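This report refers to the structure that appears directly beneath it.
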Amino acid sequence: MTQVVDVVVIGGGQAGLAAGYHLRRAGLDFVILDAQPTPGGAWQHTWDTLHLFSPAAFSSLPGRLMPPQPGETYPDAAHVVSYLTDYEQRYELPVHRPVRVAGVHRDGELLRVGTDSGTWLARAVISATGTWSRPFVPAVPGRADFQGAQLHTVEYGSPRDVAGPGPGVPPGRSRRARVIVVGGGNSGAQIAADLAYETDLTWGTPREPRYLADDIDGRALFDHATARRRALDEGRTDTGGVASLGDIVAVPPVREARDAGLLKAQPMFDRITPTGVAWADGTTAEADAIIWCTGFRPALAHLAPLGLRGPRGRIPTAGTQAIGEPRLHLLGYGDWTGPASATLIGVGRPAREAVRALAGRLGAA
Ligand code: FAD
């Protein structure tokens, strides 16, 4: 069965929904195809204690403020899932799930979107597939020889996973688990804080962790992104990405663990041994588990047939539009598709700009 629409949006996480909101307002005929069986995108899969680094009102998609979560200044991931579920129902967004897009191909005037549940022909495509399905782990010598458990952020749920009982824990172990957390961003800091009380923790970061001042939260990141947007719009010098402010928002659990002296970062180790890690000066640390909080890459395999791939696994864009295929826009993923595009509050603006550009093109066609 082949269906024809103006726009196919690939991915039904926050970026896909923000696109849907603006497509609905523009009066375009569209569908959103999402591989997950249920709403919420990546927020359905984060670790148990994850909290946003911004209050609810500063974590909203276009059109509808996120309601506060009772008793929490910084909402948890389950609250975000509820908000996204309500959002797509409220705006009656045509999300089809579970539908996984295998490939996007040029087909004359149209783009052909092949999926595991049929084919769509579209005059344009917005890709909003996020990064969660492409965890990145750096190549460190000896990694394959490590005999303990290795988890990426996407596989970490709670201290049980490494402290027991859990998949990475041998039955009958009586001492505290020795855990290495790798990565100096928000995931690394929050997971290290989560583990600091129940395990013997080593926190390895490529450079000294940089905290935002305690009295400011993720709102500052968005103010910074807005300033950057303004500078770019006015042709002034790029102020740099949000990371130039400092990487780690000191949300309460991180602050508490840090202030208790439990979050002491070590320089990144140089190699992995069968039983732990080692630094060039001969220092070693034994470990039962290594948790890689080392980021993600954009999930763009479905766009491979278009042959657009550029450096670092990205597709070169002007704003959200793919330079090599003007019928394709990319949303979310990172700052390279718009300042703060991979955040809840930040994706609204690039979504609006993408739809405005598409509406102009399609209206004129
Ligand atoms: P996703 O939420 O990953 O959604 C993409 C959707 O596309 C998924 O449902 C996926 O299944 C689907 N998909 C993928 N491939 C296909 C395919 N081939 N076919 C069909 N569907 C497909 N942002 C904030 O604003 N505040 C925060 O506090 C915050 N904290 C964060 C903490 C962590 C640990 C992480 C990792 C991110 C955090 N972010 C935060 C950043 C950001 O909000 C999330 O990464 C967000 O989930 C990105 O949304 P998205 O819609 O781009 O991608």
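The values are calculated or read from the model by the stated rules, or taken from the named source; none is laboratory data. Computed from a predicted model, the values in this text were never measured in an experiment. Please note: Cβ atoms are built from the backbone with ideal geometry, for glycine as well, and neighbour counts cover all protein chains shown.
Just one of the numbered conditions (1) modelled with pLDDT under 95; (2) within 23 Å of the chain's Cα centre (by Cα) is not true of Arg173; which one?
(2)
Which of the following residues is among the charged types (D, E, K, R), at pLDDT 95 or above and touching a strand residue (DSSP E or B) at 6+ places or on another chain (Cβ under 8 Å): Arg327, Arg352, Arg361?
Numbers: Arg352 fails: touching a strand residue (DSSP E or B) at 6+ places or on another chain (Cβ under 8 Å); Arg361 fails: at pLDDT 95 or above.
The unique qualifying residue is Arg327.
Name the single residue that is farthest from Ala15 (Cα to Cα) among those in region 343-354 being of a type in the set (A, V, I, L, M, F, W, C) and surrounded by 24 or more Cβ atoms within 10 Å (Cβ to Cβ).
Ala354
Output yes when any residue across region 47-57 is buried (at least 22 other Cβ atoms within 10 Å of the Cβ) and among the charged types (D, E, K, R), and no when none is.
No: region 47-57 contains no residue that is buried (at least 22 other Cβ atoms within 10 Å of the Cβ) and among the charged types (D, E, K, R).
Take region 4-43 and flag every residue that is more than 8 Å from the ligand (Cβ to nearest atom) and either assigned to a loop (DSSP other than H, G, I, E, B) or of a type outside the set (A, V, I, L, M, F, W, C) (or both).
Asp6, Gly20, Tyr21, His22, Arg24, Arg25, Gly27, Leu28, Asp29, Pro37, Thr38, Pro39
Do you know which residues across region 115-132 are exposed (fewer than 15 other Cβ atoms within 10 Å of the Cβ) and either assigned by TED's automatic domain parsing to the domain that holds Ala285 or within 25 Å of the chain's Cα centre (by Cα) (or both)?
Asp116
Among the listed residues Arg106, Arg64, Arg112, Arg97, which satisfies the condition of being modelled with pLDDT of 95 or more, within 10 Å of the ligand (Cβ to nearest atom) and of a type outside the set (Val, Ile, Thr)? Write out each step before concluding.
On the way: Arg106 fails: within 10 Å of the ligand (Cβ to nearest atom); Arg64 fails: within 10 Å of the ligand (Cβ to nearest atom); Arg112 fails: within 10 Å of the ligand (Cβ to nearest atom).
Answer to the selection: Arg97.
I need the full set of residues from region 131-151 which are within 11 Å of the ligand (Cβ to nearest atom) and in contact with a strand residue (DSSP E or B) (Cβ under 8 Å, 6 or more places away or on another chain), in order please.
Of region 131-151, the ones within 11 Å of the ligand (Cβ to nearest atom) are 131-135.
Residues satisfying the conditions are Thr131, Trp132, Arg134, Pro135.
Of everything in region 51-60, what is more than 6 Å from the ligand (Cβ to nearest atom) and hydrophobic (A, V, I, L, M, F, W, C)? Give them in sequence order. Show your work before the answer.
If we filter region 51-60 for residues that are more than 6 Å from the ligand (Cβ to nearest atom), which is where we start, we get 51, 55-58, 60.
Correct list: Ala56, Ala57, Phe58.
So, in region 271-319, of the ones that are in contact (Cβ under 8 Å) with a residue 12 or more places away in the chain and polar (S, T, N, Q), which residue ends up nearest to His152 (Cα to Cα)?
Taking the candidates together, the pick is Thr294.
Being in the same structural domain as Gly332 (by TED's automatic domain parsing) and in a strand (DSSP E or B) is true for just one of Val104, Val80, Val99. Which residue is that?
Working: Val80 fails: in a strand (DSSP E or B); Val99 fails: in a strand (DSSP E or B).
Result: Val104 is the single residue among Val104, Val80, Val99 that is in the same structural domain as Gly332 (by TED's automatic domain parsing) and in a strand (DSSP E or B).
Looking at (1) modelled with pLDDT under 95; (2) more than 20 Å from the chain's Cα centre (by Cα); (3) in the same structural domain as Asn186 (by TED's automatic domain parsing), find the lone condition where Glu234 falls short.
Checking Glu234 against (1) modelled with pLDDT under 95; (2) more than 20 Å from the chain's Cα centre (by Cα); (3) in the same structural domain as Asn186 (by TED's automatic domain parsing), the one that fails is (3).
Give the residues of region 267-283 that are part of a strand (DSSP E or B) and either of a type outside the set (S, T, N, Q) or at pLDDT below 95 (or both), sorted by residue number.
Across region 267-283, the qualifying residues are Pro267, Arg271, Ile272, Gly276, Val277, Ala278.
Keeping to region 298-331, report how many residues are away from the ligand (no atom under 16 Å from the Cβ), assigned to a loop (DSSP other than H, G, I, E, B) and among the basic types (Lys, Arg).
Counting residues in region 298-331 that are away from the ligand (no atom under 16 Å from the Cβ), assigned to a loop (DSSP other than H, G, I, E, B) and among the basic types (Lys, Arg) gives 1.
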